[in-house]
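Read the structure below first, then the notes.
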Amino acid sequence: MQDEHRRAIQNNFASLVEQTDLDHMVSALYEKGVFSEQMIEPYKDLTKDARSRKRLLYRDITRRGPDAFRNLLDALSDAGYWDLVRDLDPNSSLHTRRTKISAPSTSMSNENDYVSISTEKKKTKPRLDVYKNDSTPIAKDTTDLNMVPQYNVIKSNKFFEDGEDIKLYNTRGHKRGIIVVFSYIEFVNNIETYRKGVDVDCQKLKYLFSEMGFRVISYKNLTRDETVTTLESLKKVIVGVECVFIVVSSHGYERKYSSDTDIRCKDGQLITIYEIIDYFNNKNFPALHGIPKVFIFQLCRGSNVEYIDGPIRFVSPDDPNPPAERDGNPTTDTGRFSQDTPRTPLNKRNRLFSDILIAHSTLPGNVSYRDPEEGSWYIQTLCEVFAARAHDCHVDKLFTLVDKHLHERFHIQTSSVDKWGFNKRLYLHPGLYQD
């Protein structure tokens, strides 16, 4: 490997470790001939944590010959890590692609002006399963991880200004934001069904937010302990950004007598929505006080199915005729918040939660649908609406349009939004920066 390529990997080592999925990168580099079957054994050693194995992988690749760097770039590009490709290779054609589509659109847009991703042609490339000896069953999936969504993210041509009563969050700099995606697709011992189509959601989200100027970090199939460790480590990763998006996609379960929802991790253990949000409150993550934080949860929140052409029915896991796959079944538990009497003087207190918007793919008690080929209904709609309207709509309105188009297209699913001290307007200003 050339010295300049080795230095590029070393300079971006932390980003490679934090942002990439180990299973996919090992499989892709094996297929491209960078590593032999014997050489990938250390990366499958489950006695070591995933981060340590990724560090070993990217150290080893710097010693894998003159073609290893090109194959690494190809593998990253195939997986949708376009920001990493740009950082590693200043001559990448992805720089040209971003520049080419960043010119402001001169056409007028409206609420129906969006392009359906589902109309685009996709190709399927078989993927070698190099983890066939893992104790975790690997489901067969024809999802094309190399598919780049072919839809145009319209760029802003002006900055919006503060209103008289409602101010704006600052989103004019080059560190526009970061999106962290947690996706749980397969589960140990098949305790839950394999969530086919979630990889499509991830690809769409990576493409959308990368084109809007966000740094993209993606984690897949973490255990509960790995999820908690990752959430804690984000304090070192999310630095100096103007806004934060957190996306969580898994099977979800209703918590009786609570507005919270349980989320299934890879090892079968549960983490709740409120537990995740807690890591970003003003006490646990003070650096994000005043920074807008948008949480998107793609998961079921119960088992009710919404219809108005007959009584609402309860759907069992064995229902032979569901309209699409669902992301969970109900469970019961109690609430979480305890009440402590404040002891600090009023003028020295500040609220624990602020600048938080929480977007749910469905209502409490209801299912959330997912197409095995096109991805979840909600993420499909969200990506299309954000691509078409983020240049001229604030985030509140964007989620209103998402629900509008979700109803028009799929009819039976209702999304919802909660705001916790989210008292300013958030414009994402895609493609527009102030020096």
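Spatially, region 161-181 and region 12-89 are offset by 34 Å when compared through their Cα centroids. Using a 1.4 Å probe on the protein heavy atoms, what percent of the accessible area of region 359-433 belongs to carbon and sulfur? Exposed carbon and sulfur together represent 49 percent of the surface. For GluC sites (Glu not before Pro), the sites in region 162-271 that DSSP calls loop and that have at most 16 other Cβ atoms within 10 Å are Glu164. Each label was represented as a point 7 Å from its Cα along the Cα-to-Cβ direction; for Arg55 and Asn170 these points are 3.4 nm apart. Using R0 = 45 Å, the C-beta based FRET efficiency linking His411 and Asp3 works out to 0.15.
Between amide H atoms placed 1.01 Å from N, distances below 5 Å from Phe295 occur with Ile246, Leu357, Ile358, Ala359, all of them 5 or more places distant or on a separate chain.
Remark: the Gln10-Asn189 segment gains 60.7 nm on full extension, using 0.36 nm per residue and subtracting the alpha carbon distance.
As a fraction of the 1.4 Å probe accessible area of region 159-219, surface on carbon and sulfur atoms comes out at 46 percent.
Using 0.36 nm per residue and subtracting the Cα-Cα separation, the extra length available between Ser259 and Met39 on full extension is 74.4 nm. What does the charge add up to near Pro292, with Lys and Arg as +1, Asp and Glu as -1, over the other residues with Cβ less than 9 Å from its Cβ? Net charge in that neighbourhood comes out at 0.
The values are calculated or read from the model by the stated rules, or taken from the named source; none is laboratory data. Since the structure is predicted, the reported quantities are computational estimates derived from the model, not experimental observations. Quick reminder, even Gly has a Cβ in these numbers, built from the backbone with ideal geometry, and neighbours come from all protein chains shown. Surface accessibility is based on the protein's heavy atoms, side chains included, excluding ligands, DNA and RNA. Shrake-Rupley method; radii C 1.70, N 1.55, O 1.52, S 1.80 Å.
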